[in-house]
Amino acid sequence: MKYRITHTTAYQYSEPASLSQNELFLTPRATARQQVLQTELVFDPQPQYLHRRIDYFDNIAHVFMVQQPHKALSLTAVSTVRTGRAQDPDAASTLPWETAVQRLRAHLQPEELDASQFVFPSPMILFNPAILDYARVSFPPGRPVLEGGLDLMGRIFTEFAYDKSASTVDTPVAQVLATRRGVCQDFSHLAIACLRSLGLAARYVSGYLETLPPPGKPKLVGADASHAWVALYVPDEGWVDLDPTNNVLAGESHVTLAWGRDYSDVAPVKGVVMGGGVHTLSVEVDVARVG
Amino acid sequence: MNTAPFTDPHRPGNGPASLFDRVVCPDGVYCEAFAGCGQPRAQWQSIVAAVNAAGPELLGQRQERVKRMRHEDGATYNPFDAPDGRGTPWALEQIPLPLTVREWSRLETGLIQRARLLEQILADVYGPQDLLKTGRLPSQLVFANPHFLHTCHGVRPSSGRYLTLYAADLYRGPDGNFRVLRDYSASPVGLGYALENRIVISRMFPELYQRTQIRRLAPFFQTLHTGLTQRSALRREDPNIVLLSPGPDSPIYFEQALLSRYLGYPLVEGQDLTVRNGRVFLKKLAGLEPVDTIFRHISDQQSDPFALRRETAAGVAGLIQVAREQNIDIANPIGAGFAETPVLPVFLPELCRSLMGEDLLLENHPAWWCGHAEGERRARVQLNQLIIAPALDRSAPFDSDLLAAIHSAPFAFMAWEPVRPSTVPVWENGRIHARPALLRVFACATEEGFAIMPGGLAITAADTEALLAGVPERLHSKDIWVLSDQPVEPFSMLGGLHAVAEVRRSSDLPSRVADHLLWLGRYLERAEGLIRLLRSVFRRLSSEARPEDIPELEFLLNLLRAGHTIPALPEEGGYSSQELEAQLFAALYQEDRPESVIAILKRVQDAARNVRDRLSRDSWRVINRLEEFGDNPAADPQDQLDNTLFTLSAFSGLAMEGMTRSLGWRFMDMGRRIERGLHQISLIREGLPRVCAVSQNALEALLEVSDSIMTYRARYRTAFQLAPVLDLLLLDESNPKSLAFQFSQLSAHVEDLPRQNERRFASAEERMSLAMLTAIRLLDLTGLACSSGSAENGEPLNTFLETMEARLLEFAQQVSAHYLSRVTATPHFSVRLGEREP
């Protein structure tokens, strides 16, 4: 599927901000399932400083700074990508999860060594016994690792309520598990915490999901949002993208931006602002089919 | 435990008793001072002799002097350091620790190799990561290690140096060999204390110091300085090097201030620096000045709130981005703390062979990583004999069930053999004790490789446990003397570099410092004005007359009420004398009343604390005396106020003398002039309606609180009359208390402030101060007189003063906006974590 994504972030300040520094993960990376056809960043006001780099996880990161006093700041990322179908691995024939854990520990293959960095706690994903207990239910001894992963995804989907008011950008995983509610970021963090406490490798994927309007209704522009899901490492198979918010394997309608250990590695827009008083923020995302 | 005396009590000859006789050295540890047979080791003989020759009394006096000098000497005085030495990091003890040439040169070679090795490891971990890919470094050491900063991967230091300053803690084991206990690579501390120890000890034992050939420390600092300068000079001539400190709240601010003075690098805090166009700038009065090198004294994690997503005021937002662009040399680079990973030493012998093809020369303290099967087994089997410690994150909390914790994440733990450091003689509580000691030694990068400081801190504690816990405030230190077999050249940097630093400082100064000095001036003046007023009140209350018979008392109380120092009068009636007494007591001592004397003195001290490296030692002592106010609330208030006023005057005098007419002094004096101007205006505005009502005594009181009564008497020799009094308080430019004097001083100051461009037009603040000065010079007071209880023709004056007050406030704002606006109060930025992903 070919998509054109328009992602606008706009800040309003009650007082002039003298300096604003931002880091962006808004340029989609190429993946096995995704081809990036065109990308562009548009700023207002124009930044005095802009720098692009490939980060530690091979994502595309931009740093920009607005250095003159400003009361508003907006940036828009426009990208065109072509996505492919979801992977279709035979879950039942994947390795027993304990073997997968062993393979990651031994990490004899470069790919396994690379995957093994997603086994440990990270800034926003800490372990506790309750998380491990919750994970174990999906992973009885000898269960094929992807089967366990799919089961975990299904349980989070059915047992947790989608609730925008239940969490904030830095809600800890333990709280999500305790309250059984949250949003895609929370569900992804929880799934990752579960998988990692078992010794499996899981990473956080930031991106978009095309939303389809109810039958018969026109699609509203800007009503889409950014999205997040999980990738589980399955030895011999590779990374498999699981979306616990929707209980599906990430497919054609999932557009990948970047991945990392957790949200803090790949937050689409984050930064520091000097002055500026009170901020208000608006975000608009549009994922449109083209061609 | 078997113990043996330091010296043999039955030694032949039965000579005079030695102070070391009763000291026992525990069995099975190395004794630094004495060989087994009870004889001092060769390098100790002159020190043991000197200690014995001095005797207990002199040693006791010396220890007191050492304590005092350590506080009063050097760059600055640390007000947190209790005078008795408690709370002082690494309090200095007088007996040095000598090491022979042979011992030292082995150490030196080993340390140089170790620093090179650690630098290569850093370069690999933050670069190609071959060690990780080939399994020479276990993956957990990178992936599960909080010392590894992902965001710094790929940042190549502009100087090419991944490690500039390195320190290690060593101890000498029972076999006499030195072993490394810990490495310090983020921002090693103790260098300044080692320097200060040397300065104090060399003055304390001038003869012994001169007679013994001891290698000097100064050349090491010269080497460090040259290294930093040469690297930056590749990009720019005369590079700008700053020392980045967390500020006065740091427990070792003393060290940072001392190094700043000694090396001549301005002492800056995070808020003094800003990032623009991919470069770092220092905010100074005349504008932004590019910075080439940062000598970093803040932790890795605090360094950059932007890249590391931390709400910390210590760092500089965007610093890592500048480093990524290679536009700044940071010593040490952010992320260098990786080499402090507790378990890393376990891998050094292998890494040394594989990276450098050499055997590791300096032994590590025996330790095992639980991530290895052998280490985990040892930890389990010998749980009670070994010390279990975090392998990666020293600050990680310890689980109550250690075995289970090791089992679930073995890679996060390591097992240490118990440490048995050598003992050194320490003079404490009137006698000599044998105490365990660590050696903290330092290395710096040069163009030719690493150089080791010939000396360092010998750190001691009452027992090994306290020694290893490593809380600087609970440890003592000694000067390490590295003996030389060749004559040493006298060499000190205290002269040359010190002067260089001063020249640079006076030409311009950081906005933050100017801001604090301005406020220091304002608070000083505010305290003085208030104290004069209160003193006049207490003087009258303590007189023999009954309060109601003192006509001007109410006049003075009303002045206090106008300044919110005491509560306003209720609509009807008044306060009883008991109530008034309580109100006045609160005006002196109640700390949570913002306008009380004690609260304002506290603000004086706070402002001074922030600029203490700009104040002389004597000024500091004076400021510290302000602390005594409030210690004894039962004392006579009038005495207390007199004493405090005296202290404040002493400070003013010292500031006049000591600060020269530098920019710093100008800002402090501007603060005083602004505050005194405002105070004078409010006194007259509040006083004018009532000054004629209660006889001449009120005019006298007005002169008294304005500190102008002597001048009046000398000048007019008449009874107190309204017009002459006002003339003296407002218009007389030769009276330092007059409003006109304040305006003329302000006018002179703003002319001398730095400006970015060639002066073509007067600046806004110049025009404003000139307008105020002209207005007051043109003020006409004729016709103003007391007539039938009120001031005749007083209204125009009131209006005039109102205008002046507004203009003066506007002027103060303008100065702040022009010179100080880049300084904002805490917190000066907000971190946006980003939007939650739905």
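Within segment B:128-140, how many residues turn out to be more than 11 Å from chain A (Cβ to nearest Cβ) and touching a residue at least 12 places away in the same chain (Cβ under 8 Å)? Steps first, answer last, please.
From segment B:128-140, those more than 11 Å from chain A (Cβ to nearest Cβ) are B:128, B:130-131, B:136-137; that's our starting set.
Retained after the next criterion (residues that are touching a residue at least 12 places away in the same chain (Cβ under 8 Å)): B:131, B:136-137.
Qualifying residue count for the region: 3.
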* Structure fact -> Among residues of segment B:142-199 being closer than 12 Å to B:R440 by Cβ and of a type in the set (D, E), the residue surrounded by the most Cβ atoms within 10 Å (Cβ to Cβ) is B:D169
* Write out, first by first residue and then by second, each pair whose Cβ atoms fall under 6 Å of each other, whose residues are 6+ apart or on separate chains, and whose first residue, in segment B:520-534, is in the same structural domain as B:R673 (by TED's automatic domain parsing) and in contact (Cβ under 8 Å) with a residue 12 or more places away in the chain while the second is among the basic types (K, R) and part of a helix (DSSP H, G or I). => B:G521/B:R672; B:Y523/B:R603; B:E525/B:R672; B:E525/B:R676
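Can you tell me which residue within segment A:127-141, out of those that are at pLDDT below 95 and either in a helix (DSSP H, G or I) or touching a Pro at 6+ places or on another chain (Cβ under 7 Å) (or both), is surrounded by the fewest Cβ atoms within 10 Å (Cβ to Cβ)? Lay out the reasoning, then the answer.
Kept after step one, since they are at pLDDT below 95, are these residues of segment A:127-141: A:127-129.
Checking which are either in a helix (DSSP H, G or I) or touching a Pro at 6+ places or on another chain (Cβ under 7 Å) (or both) leaves us with A:127, A:129.
Working: A:F127: 18, A:P129: 9.
Among those residues, the one meeting the criterion is A:P129.
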* Pairs only if they're at least six apart or on different chains, beta carbon under 9 angstrom, first in segment B:644-664 and over 24 Å from B:L285 (Cβ atoms), second modelled with pLDDT of 80 or more and not in a helix (DSSP H, G or I); list them, first residue then second. => B:T644/B:F629; B:T647/B:F629
* To do: Looking only at segment B:37-59, count how many residues are at pLDDT below 90 and of a type in the set (S, T, Y).
  => 0
* Asked: How many residues does segment B:620-662 hold that are at pLDDT 80 or above, crowded, with 19+ Cβ neighbours inside 10 Å and either charged (D, E, K, R) or within 22 Å of B:D249 (Cβ to Cβ) (or both)?
  -> 2
* Structure fact -> By residue number, the members of segment A:193-237 that are more than 18 Å from A:A86 (Cβ to Cβ) and among the charged types (D, E, K, R) are A:R196, A:K217, A:K219, A:D224, A:D236
* Residues of segment B:318-355 classified as among the aromatic types (F, W, Y) and part of a strand (DSSP E or B), total -> 0
* Structure fact -> Selection over segment B:294-347 where residues are more than 14 Å from every other protein chain (Cβ to nearest Cβ), farther than 17 Å from B:N145 by Cα and in contact with a strand residue (DSSP E or B) (Cβ under 7 Å, 6 or more places away or on another chain) yields a count of 10
* Structure fact -> Counting only residues that are surrounded by fewer than 17 Cβ atoms within 10 Å (Cβ to Cβ), part of a strand (DSSP E or B) and more than 8 Å from chain B (Cβ to nearest Cβ), segment A:271-287 contains a total of 3
* To do: Scan segment B:356-385 for residues that are surrounded by fewer than 23 Cβ atoms within 10 Å (Cβ to Cβ), part of a loop (DSSP other than H, G, I, E, B) and out of contact with any Gly (no Cβ under 9 Å at 6 or more places or on another chain) and jot them down.
  => B:G357, B:E358, B:D359, B:P366, B:G371, B:H372, B:Q382, B:L383, B:N384, B:Q385
* Pick out the one residue from B:L648, B:L688 that is part of a helix (DSSP H, G or I), in contact with an Asp or Glu (Cβ under 8 Å, 6 or more places away or on another chain) and farther than 30 Å from B:A764 by Cα. => B:L648
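Here are some residues: B:A748, B:A714. Which one is free of Cβ contacts under 8 Å to residues at least 12 places away in the same chain, within 30 Å of B:K284 (Cβ to Cβ) and in the same structural domain as B:R614 (by TED's automatic domain parsing)? Before the answer, list the steps.
Values: B:A714 fails: within 30 Å of B:K284 (Cβ to Cβ).
Sole residue among the options that is free of Cβ contacts under 8 Å to residues at least 12 places away in the same chain, within 30 Å of B:K284 (Cβ to Cβ) and in the same structural domain as B:R614 (by TED's automatic domain parsing): B:A748.
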* Qualifying positions in segment A:25-55 - within 10 Å of chain B (Cβ to nearest Cβ) and either modelled with pLDDT under 95 or surrounded by 18 or more Cβ atoms within 10 Å (Cβ to Cβ) (or both) -> A:F25, A:Q48, A:Y49, A:D55
* Asked: Just for segment B:248-274: of the residues that are among the charged types (D, E, K, R) and farther than 20 Å from B:L195 by Cα, which one is surrounded by the fewest Cβ atoms within 10 Å (Cβ to Cβ)?
  -> B:D249
* A:I60 buried (at least 18 other Cβ atoms within 10 Å of the Cβ) and closer than 25 Å to A:T39 by Cβ -> yes
* Asked: Name the residues in segment B:465-476 that are crowded, with 20+ Cβ neighbours inside 10 Å and closer than 16 Å to B:H433 by Cβ, would you?
  -> B:L467, B:L475, B:H476
* Asked: If you go through segment A:88-120 one residue at a time, how many are in a loop (DSSP other than H, G, I, E, B), surrounded by fewer than 18 Cβ atoms within 10 Å (Cβ to Cβ) and facing chain B (nearest Cβ under 10 Å)?
  -> 1
* **Enumeration of residues in segment B:404-419 that are assigned to a loop (DSSP other than H, G, I, E, B) and surrounded by fewer than 17 Cβ atoms within 10 Å (Cβ to Cβ)** => B:E417, B:P418
* **Test: residue in segment A:180-198 that is more than 28 Å from A:S79 (Cα to Cα), in a strand (DSSP E or B) and away from chain B (no Cβ under 11 Å)** => yes
* So B:S576, is it surrounded by fewer than 17 Cβ atoms within 10 Å (Cβ to Cβ), of a type outside the set (A, V, I, L, M) and more than 30 Å from the chain's Cα centre (by Cα) -> yes
* Asked: How many residues are crowded, with 18+ Cβ neighbours inside 10 Å, of a type outside the set (A, V, I, L, M) and either touching a Ser or Thr at 6+ places or on another chain (Cβ under 9 Å) or farther than 29 Å from A:P141 by Cα (or both) if we restrict to segment A:198-238?
  -> 12
* To do: Mind telling me which of the residues B:A458, B:A462, B:A391 ends up being in contact with a strand residue (DSSP E or B) (Cβ under 8 Å, 6 or more places away or on another chain), surrounded by 22 or more Cβ atoms within 10 Å (Cβ to Cβ), on the phi < 0 side of the Ramachandran plot and in the same structural domain as B:V48 (by TED's automatic domain parsing)?
  => B:A458
* To do: Name the single residue, out of those in segment B:306-343 being under 30 Å from B:A415 (Cβ atoms) and polar (S, T, N, Q), that is surrounded by the fewest Cβ atoms within 10 Å (Cβ to Cβ).
  => B:T341
* Within segment B:496-602, which helices (runs of 4 or more DSSP H) (wholly inside it) include 3 or more residues that are at pLDDT 85 or above? -> B:511-541, B:551-562, B:577-589
* Asked: Among the numbered criteria (1) touching a Pro at 6+ places or on another chain (Cβ under 8 Å); (2) at positive phi, which single criterion is violated by B:G318?
  -> (1)
* Filter segment B:721-760 down to residues that are modelled with pLDDT of 90 or more and not in a helix (DSSP H, G or I), then give me how many there are. => 7
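Within segment B:268-317, count every residue that is in a strand (DSSP E or B) and within 21 Å of A:Q48 (Cβ to Cβ). Before the answer, list the steps.
First pass over segment B:268-317, keeping only residues in a strand (DSSP E or B): B:268, B:273-276, B:279-284, B:287-290, B:293-296.
Next, from what is left, pick out any that are within 21 Å of A:Q48 (Cβ to Cβ): B:273-276, B:279-284, B:287-290.
Residues that pass the stated criteria total 14.
The values are calculated or read from the model by the stated rules, or taken from the named source; none is laboratory data. Bear in mind the structure is a predicted one, so any value in this text is a computation, not a measurement. Methodologically, a virtual Cβ is constructed for each residue, glycine included, from the backbone with ideal geometry; neighbour enumeration extends over all protein chains shown.
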